[in-house]
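Peer 1: Quick one: this structure, given as structure tokens, is what I'll be asking you about.
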Amino acid sequence: MNQILSGFVRRLAMSLAIGTALIAVFLVHLGEIRLIGAVFAGYLAAGVCIWTLVYRTWRGAKQAKVNAAAAKGQMLWGFVLRLFVCFATLAAAGMLGRTIFAATAVGLLFFYAAAMFQLVYANHRVLHGKPDKK
């Protein structure tokens, strides 16, 4: 897992920096730069979801060697926690307004998609013998 995650954070940060710049330019074009905070709230929610996914998977893999039921429990708790974080964040944003909800959803979806793409890419590199150099 450490081999897969070694370059993941660096590439994810670069993807987020480029994506945030593009989103900010779009928001400036629309005259709604105030929504950048909502985009960052979506980033935070997605960051919690990705961290939970990675941590619970890692912990479940360690427990699978001992007990399959405990590993299944770890995965279920992770799933419930991710759903709760997404629901709570989007519900709070929805109460504040339609545009804030949309900006938060865009931030959440962009971060989540970028993180999943980078995680799949890192795993592909490891499986094909091209791991990142530390």
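The values are calculated or read from the model by the stated rules, or taken from the named source; none is laboratory data. Note that the structure is predicted; figures quoted are calculated from it, not measured. Counting neighbours? That spans all protein chains shown, and the Cβs are built from the backbone with ideal geometry, glycine included. For accessibility, only protein heavy atoms count, side chains too; no ligands or nucleic acids. Shrake-Rupley method; radii C 1.70, N 1.55, O 1.52, S 1.80 Å.
Peer 1: Looking at Thr52, is it of a type in the set (S, T, N, Q) and either open to solvent by 50 Å² or more (accessible area, probe 1.4 Å) or over 16 Å from the mean Cα position of the chain (by Cα) (or both)?
Peer 2: Taking the combined requirement at face value, the residue does not satisfy it.
Peer 1: Something else: When you go through Phe110, Phe84 one by one, which is the residue that is surrounded by 16 or more Cβ atoms within 10 Å (Cβ to Cβ) and out of contact with any Asp or Glu (no Cβ under 8 Å at 6 or more places or on another chain)?
Peer 2: Being surrounded by 16 or more Cβ atoms within 10 Å (Cβ to Cβ) and out of contact with any Asp or Glu (no Cβ under 8 Å at 6 or more places or on another chain) holds for just one of Phe110, Phe84, which is Phe110.
Peer 1: Next up: Among the candidates Lys130, Lys72, Lys62, which residue alone is part of a loop (DSSP other than H, G, I, E, B) and of a type outside the set (A, V, I, L, M, F, W, C)?
Peer 2: Matching residue, one of Lys130, Lys72, Lys62: Lys130.
Peer 1: Yes or no: segment 61-69 includes at least one residue that is touching a residue at least 24 places away in the same chain (Cβ under 8 Å), farther than 24 Å from His124 by Cβ and surrounded by fewer than 18 Cβ atoms within 10 Å (Cβ to Cβ).
Peer 2: No - not one qualifying residue is present in segment 61-69.
Peer 1: Quick check, is Arg125 of a type in the set (D, E, K, R) and within 30 Å of Ile36 (Cβ to Cβ)?
Peer 2: It is false that Arg125 is of a type in the set (D, E, K, R) and within 30 Å of Ile36 (Cβ to Cβ).
Peer 1: Looking only at segment 19-69, count how many residues are among the β-branched types (Val, Ile, Thr) and farther than 28 Å from Leu81 by Cα.
Peer 2: The number of residues fulfilling the criteria is 3.
Peer 1: Does at least one position in segment 82-95 carry a residue that is under 17 Å from the mean Cα position of the chain (by Cα) and among the small types (Gly, Ala, Ser)?
Peer 2: yes
Peer 1: Could you list, in sequence order, all residues of segment 114-127 that are open to solvent by 50 Å² or more (accessible area, probe 1.4 Å) and either modelled with pLDDT of 95 or more or farther than 18 Å from Ile18 by Cα (or both)?
Peer 2: Result: Val120, Asn123, His124, Arg125, Leu127.
Peer 1: Can you name the number of the only condition in (1) open to solvent by 60 Å² or more (accessible area, probe 1.4 Å); (2) in contact (Cβ under 8 Å) with a residue 40 or more places away in the chain; (3) hydroxyl-bearing (Ser, Thr, Tyr) that Tyr43 fails?
Peer 2: With respect to (1) open to solvent by 60 Å² or more (accessible area, probe 1.4 Å); (2) in contact (Cβ under 8 Å) with a residue 40 or more places away in the chain; (3) hydroxyl-bearing (Ser, Thr, Tyr), Tyr43 is out only on (1).
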